[in-house]
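A quick write-up on the structure given underneath.
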Amino acid sequence: MRLLDRYLLRELLVPFGYCLVGFLIFWLAFDLFTRLGDFQKLKLSLGGVVEYYFIKLPEIVVVALPVAFLLALLYALTNHARYHELTAIRGAGVSLARMAAPYVAIGFILSLALFAVNEFWVAETAEAAEQIINRQRTAPDALDRRQWELKQGFYSNRAQRYWFIEAFHLSSYDMVRPHVVWRLPDGSRREIVAQRASWSSGVWVFSNLFLISYSTNTTDAFTERQKLECLPMPEFTETPELIKNEFKFNKLNATNLRSVRKAQLSIREILEYRRLHPDDRTKAALLETKLQERLAAPWTCLVVVLIALPFGAAPGRRNVFVGVASSIVICFSYFVLQQLALALGTGGHAPPWLAAWAPNVLFAVTGLVMCARIR
């Protein structure tokens, strides 16, 4: 069987490589023509454009890879059927399940690859690519809305500190007019009201500030107010990465499906946010749906094998264009179902696990049923 497996893999991997490269070129060309006017206005150099799309490449691969795999698999199976190779293979006593083994193996490997790319690269690409654009947008004497996060606030549950920030620079991590409130173990309260804060050697350093102290017996009247030029706070454990993640989660809105769909959150970030905010119920359904979606999305490549087999291996299929048409219909149906399930899950109208896994389960079961009917 090794000879047969090698033959089937060779006939699959060659068109798969062409399909993947073709999809990437088409996607990059379409996006480049769409954004070319913006790049010209920003006077972005050729090197900057190349860097931008190089950073965006993992995000594009995650979308293009399952589609390219589906098209290549349908093309390969239809081509085998065209020359009666599948009939000959099955006539030699090889079952459909055994014949599909190399396809399943490739689907499993691609699923693991997609999981790794999603978890370790994609979550960072959107922000990194945006920073390239922001380098061209930033004005020297103004707060640029794309380079700065404006009027943000969050509560650090682990440290029990409230942060209110007028403006936060995404690259240098400088703060404008930060206001921090926290309680000490004895119940007293402290506040820092500063003009600026910077991240230096792993420590937040506040400048031109008031340090206000409140005793345990008073809530409004302060007991001490110090004006300081500079105050480092090594006990503050909120790193710039943690603060940026807080801003990212603040933008999530279950009623805005576009913001949910565009949010690139890794499993690690979601679990970390839930650990730091165990009592936050406003985003519970949304975050659980995004978590389950991150777990379910990579296994699309395995589902592709199950759904492509009955379409491509059915007897009488001799036209390779049937594979192209079938892939378009399957991708469109899957995308519509996925977006519908995501909207139901993030809105709390369906269990998060069901919303995330429903497209995969439905298409996989459909593929298995159709495979069982092939003679």
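For segment 30-68, give me the residue count where each residue is within 16 Å of Ile328 (Cβ to Cβ) and not in a helix (DSSP H, G or I).
Total meeting the criteria: 0.
Filter segment 15-62 down to residues that are farther than 22 Å from Leu114 by Cβ and touching a Ser or Thr at 6+ places or on another chain (Cβ under 6 Å), then give me how many there are.
0
Can you tell me which of (1) closer than 26 Å to Asn360 by Cα; (2) of a type in the set (A, V, I, L, M, F, W, C); (3) touching a residue at least 60 places away in the same chain (Cβ under 8 Å) is the one Leu86 doesn't meet?
Single failed check for Leu86: (1).
Conditions tested, residue by residue: (1) loosely packed, with under 15 Cβ neighbours inside 10 Å; (2) at pLDDT 85 or above; (3) under 30 Å from His80 (Cα atoms).
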| residue | (1), (2), (3) |
| --- | --- |
| Leu252 | no, no, no |
| Gln264 | no, no, no |
| Asp279 | yes, no, no |
| Ala296 | no, yes, no |
| Thr300 | no, yes, yes |
| Val304 | no, yes, yes |
| Gly316 | yes, no, yes |
| Val322 | no, no, yes |
| Val329 | yes, no, yes |
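Are any residues in segment 160-183 among the aliphatic types (A, V, I, L, M) and within 28 Å of the chain's Cα centre (by Cα), and if so, which ones?
Ile165, Ala167, Leu170, Met175, listed by residue number.
Evaluate the following for Gly22: is it in contact (Cβ under 8 Å) with a residue 60 or more places away in the chain, among the small types (Gly, Ala, Ser) and either more than 30 Å from Ser95 (Cα to Cα) or surrounded by 14 or more Cβ atoms within 10 Å (Cβ to Cβ) (or both)?
No; evaluated as a whole, the condition is false for this residue.
Does Leu46 meet the test of being over 30 Å from Ser266 (Cβ atoms), at pLDDT below 85 and of a type outside the set (D, E, K, R)?
Here the answer is yes, as Leu46 does meet what is asked.
Condition (residue is of a type in the set (Ser, Thr, Tyr), modelled with pLDDT of 85 or more and either over 26 Å from Phe108 (Cα atoms) or assigned to a helix (DSSP H, G or I) (or both)) applied to segment 69-88: is it met by at least one residue?
Yes, segment 69-88 has at least one match.
The values are calculated or read from the model by the stated rules, or taken from the named source; none is laboratory data. Not measured: the values here are computed from a predicted model. We place every Cβ from the backbone using ideal geometry, glycine too, and count neighbours over all the protein chains shown.
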